[in-house]
Amino acid sequence: MFSETPYGLTRPTMDDARAAVHRVHAGDGPRIWADLLRAAGLDGTGDHGLDRLLAVMHQADPVSRLCALALTIRVTSHSQLSLLAKELS
């Protein structure tokens, strides 16, 4: 049986990205989050723009780039594990 959370790993959401940006940038987090959203042309609602946001984060300051890399690893891991789980079910 296929699960949307293979091996207990959920796909990162915009909320996860926001929490990560706020965590790594501390007091500047809300401002940087707003700047990233604006640069990506997003309003922060829904998860449809996560890939676009990550692309912008990969071009931002070094801390945001590292944050984007961590989120991208999670997205890729989830995608690969989902494929594997489908093949095994």
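On inspection, residue 17 passes the criterion of being in contact (Cβ under 8 Å) with a residue 40 or more places away in the chain, buried (at least 18 other Cβ atoms within 10 Å of the Cβ), part of a helix (DSSP H, G or I) and out of contact with any strand residue (DSSP E or B) (no Cβ under 8 Å at 6 or more places or on another chain).
Take the range 46-67 and flag every residue that is under 21 Å from residue 8 (Cα atoms) and in a helix (DSSP H, G or I).
50
Of all residue pairs spaced 6 or more apart or on separate chains, those with beta-carbon atoms under 9 Å, a first member in the range 45-70 that is free of Cβ contacts under 8 Å to residues at least 60 places away in the same chain and a second member that is of a type in the set (Asp, Glu) and assigned to a loop (DSSP other than H, G, I, E, B) are 49/43.
Laboratory data are not the source of any read-out in this text; all were calculated from the coordinates shown. Everything quoted here is computed from the prediction, not taken from an experiment. Positions of Cβ are backbone-derived with ideal geometry, glycine not excepted, and every protein chain shown enters the neighbour counts.
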